[in-house]
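Read the structure below first, then the notes.
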Amino acid sequence: MIQALGASDGIAIGKAFVLPHWEWELPDQRLDVTDLAKEFDRLYEGVRMSKTEIAQMKTELDEVVGSEESSIFDAHIAILEDPVFMNEIQGIIQRQYKVAEVAVKEAIDHFVTMFDLLDDEYMKERAVDIKDVGNRLLKHLLGAPEIALPEDTQPFVLVVRELSPSQLVHLKPELVLGIVTMVGSPSSHAAIMARAFGIPMVMGVEGKLSVAIETGDLLIVDGGVGLLHIDPKPDTVSRYTVIRRQQHAAREQLQSIAQLPALTPDGVGLTLAANISSVKELHAALLNGADGVGLFRTEFLYMDRDYFPTEEEQLAVYRSVVEKLNGKALIIRTLDIGGDKHLDYNEMREEDNPFLGFRAIRFSLARKDLFKIQLRAILRASAYGDIQVMYPLITSIEEYREANEVLAVARKELDEQGVPYRADLPVGVMIEVPAAVAIADLLAEEVSFFSIGTNDLIQFTLAVDRMNEQISHLYEPYHPAVLRMLRTVVNAARKQGIPVNICGELAGDIRALPIWLGLGIDELSLSAQAILPIKENMLRTKASDSRLLLEELFSCRTTADIRSKVEQFYAERVLLRKFPAK
């Protein structure tokens, strides 16, 4: 048994198929000066074919998992359009008289080596994208075939050093039972896609294998706790077969409670809303009984294109979503760009620490022209349903007021034009940084609601980059400091009588449910897949018991104590498997 990193939940049992490295036989020849023009034509044709292929994959993927995951391939097209990348290739051809495929390979190696040397997990993951795009271009230049699948076309557990998104799509996800990678992080594009496809995945087994995995070896992948079993004993296979069967049955059974109200046995309700980034994702959320949309990530309207979306384009999307909600609330987060989300058509200065840099509300307040367009679209859409707006990464009262000044200008313009909108549009803020927690009492006096973004709040509170493999184990949602941050925010909101929502990965963690019930949170905003498991546990978790547990948790001095008490709470109710070892 090998402890790896769990990247995508679920159990996979099957024979390994070891995906070979990309290996190319490159021509060993030098060009003549008269051949340069022809070689550039070959390069441009390879780029054109690669872009066409990537665009086709993006379209196919969008129909399966939605625009958020398929937008990964926009970054791949952007690489082929990046003048720095292309100038590197062209320069090697022109100055060194090397054929296009050799120039591409050298450019790939140059950029990958450069990114790998950076102490930045995000840039290391982008090196995988560079290799993926470069290898696709090499394939077209060389006329090489795609990597062949197992001949018997039986489902398999994919084993690979590192996995690129386009390799996963090419390998037909319906045949992939599970995935094992030697390196990588749960924040990689491949991991995001594996979760979207529902494929169990573990990562980071390099250096932990006593012998290499061979094609045909029997594997068990437990993506939930990050365990890998190689050639397991029959009793282990039997045990995991039962667990897998139970998981599948549980998913089917969950659907039967989709339309039930989310109520505890002692009658306490909790709004279970959805996180979405497109109209398409809303459909799955409503099928699972979503009570509304607690987080509409609008940045994906900006990322899936090569220009800023117009007011009319945004209005059409916001209106479509709120009308489909049929009276349920839609909370729209204004543009949250920067950090690990970039716009290819908007040049932004390179930053040493982009997560602490020019992003979210800071970008919007610096580009008030764009901000006003978005706010006008939101206001106009509010005439068609229950729309609310929230600003991301607020750190001060000044930022909130400055954002509202832009909103006031948008209101005035619409008034002058006679355009209807919701006059009492609720305006909230996201609590994502310790500064916002510290002034939560002041913010609560001015805002309509709080939405606690747990992902950023945890990493900023603990000073832990959750994308950094070396310290990701220190990213601890159940740290006593995090619980105290949450209590501070809730107490400030209660004093002013405003609601508190929770979004981020912790909202969908079943273990955290008694914390939310104990604190008296009003709403959880979840992925569509997390709504039903949370609801199921709500139906058998008393709020009164949760409040008693919470009192105990606040007396704990360590994370281990908190986890132990939460585990015991669930063990007594037979609701949850034991926590994975930290």
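The values are calculated or read from the model by the stated rules, or taken from the named source; none is laboratory data. In this text the structure is predicted, and so the values were computed from the model without any measurement. Neighbour counts run over all protein chains shown; Cβ positions are idealised from the backbone, glycine included.
Residues to consider are 540, 563, 494, 484; find the one that is assigned by TED's automatic domain parsing to the domain that holds residue 294, within 18 Å of residue 265 (Cα to Cα) and among the basic types (Lys, Arg).
Details: 563 fails: within 18 Å of residue 265 (Cα to Cα); 494 fails: within 18 Å of residue 265 (Cα to Cα); 484 fails: within 18 Å of residue 265 (Cα to Cα).
Only one candidate qualifies: 540.
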- Query: Taking residue 282 and the conditions (1) buried (at least 20 other Cβ atoms within 10 Å of the Cβ); (2) in contact with a helix residue (DSSP H, G or I) (Cβ under 9 Å, 6 or more places away or on another chain); (3) not assigned by TED's automatic domain parsing to the domain that holds residue 317, which numbered condition does it fall short on, given that it satisfies the others?
  - Reply: (3)
- Item | Within the stretch 137-168, considering residues that are at pLDDT below 80 and buried (at least 21 other Cβ atoms within 10 Å of the Cβ), the one nearest to the chain's Cα centre (by Cα) | 165
- Qualifying residue in the stretch 238-251 (condition: free of Cβ contacts under 8 Å to residues at least 40 places away in the same chain and among the polar types (S, T, N, Q)): yes
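Anything in the stretch 252-261 that is in contact (Cβ under 8 Å) with a residue 60 or more places away in the chain and assigned to a helix (DSSP H, G or I)? List them, or say none. Spell out the reasoning first.
The first filter runs over the stretch 252-261 and keeps only residues in contact (Cβ under 8 Å) with a residue 60 or more places away in the chain, leaving 254-255, 257-258, 260.
Listed by number, the residues that qualify are 254, 255, 257.
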- Of the conditions (1) modelled with pLDDT under 80; (2) over 24 Å from residue 143 (Cβ atoms), residue 73 fails just one. Which one is it? (2)
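Report the residue count in the stretch 545-573 for those that are in contact with an Asp or Glu (Cβ under 8 Å, 6 or more places away or on another chain) and farther than 22 Å from residue 475 by Cα. Full working, then the answer.
Filtering the stretch 545-573 down to residues in contact with an Asp or Glu (Cβ under 8 Å, 6 or more places away or on another chain) leaves 559, 565, 569.
Subsequent filtering for residues that are farther than 22 Å from residue 475 by Cα retains 569.
Total meeting the criteria: 1.
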- Item | Qualifying positions in the stretch 71-105 - of a type in the set (Phe, Trp, Tyr) and assigned to a helix (DSSP H, G or I) | 73, 85
- Message: Filter the stretch 424-441 down to the residues that are under 24 Å from residue 375 (Cα atoms) and surrounded by fewer than 22 Cβ atoms within 10 Å (Cβ to Cβ) and list them by number.
- Response: 424, 425, 426, 427, 433
- Taking the stretch 112-136 and the residues there that are within 25 Å of residue 176 (Cα to Cα) and of a type outside the set (A, V, I, L, M, F, W, C), the one that is modelled with the lowest pLDDT would be 125
- Task: Need at least 2 residues that are without any contact (Cβ under 8 Å) to a residue 60 or more places away in the chain and of a type in the set (S, T, N, Q) per element, so show me which helices (runs of 4 or more DSSP H) inside the stretch 391-478 make the cut, counting only ones lying wholly within it.
- Result: 397-417, 454-462
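Output yes when any residue across the stretch 203-221 is among the hydrophobic types (A, V, I, L, M, F, W, C), under 19 Å from the mean Cα position of the chain (by Cα) and surrounded by 14 or more Cβ atoms within 10 Å (Cβ to Cβ), and no when none is. Steps first, answer last, please.
So the first thing to find is which residues in the stretch 203-221 are among the hydrophobic types (A, V, I, L, M, F, W, C), and the list is 203, 205, 209, 211-213, 218-221.
After this cut, where a residue has to be under 19 Å from the mean Cα position of the chain (by Cα) as well, the list is 203.
Of the ones still in play, those that are also surrounded by 14 or more Cβ atoms within 10 Å (Cβ to Cβ) are 203.
Checked against the condition, which is being among the hydrophobic types (A, V, I, L, M, F, W, C), under 19 Å from the mean Cα position of the chain (by Cα) and surrounded by 14 or more Cβ atoms within 10 Å (Cβ to Cβ), the stretch 203-221 yields at least one hit.
In the stretch 473-480, is there at least one residue being closer than 30 Å to residue 249 by Cβ and in contact with a Ser or Thr (Cβ under 9 Å, 6 or more places away or on another chain)?
Restricting attention to the stretch 473-480, the residues satisfying the condition of being closer than 30 Å to residue 249 by Cβ are 477-478.
Applying the additional criterion that residues be in contact with a Ser or Thr (Cβ under 9 Å, 6 or more places away or on another chain) yields 477-478.
Checking the stretch 473-480: at least one residue is closer than 30 Å to residue 249 by Cβ and in contact with a Ser or Thr (Cβ under 9 Å, 6 or more places away or on another chain).
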- Query: Are any residues in the stretch 355-369 outside any loop (DSSP other than H, G, I, E, B) and crowded, with 19+ Cβ neighbours inside 10 Å, and if so, which ones?
  - Reply: 361, 363, 364
- Query: Looking at the stretch 169-193, which of its residues are under 22 Å from the mean Cα position of the chain (by Cα) and at pLDDT 80 or above?
  - Reply: 176, 177, 178, 179, 180, 181, 182, 183
- Message: Checking the structure you have, find out if any residue of the stretch 102-111 is surrounded by 15 or more Cβ atoms within 10 Å (Cβ to Cβ), at pLDDT below 85 and more than 20 Å from residue 162 (Cβ to Cβ).
- Response: no
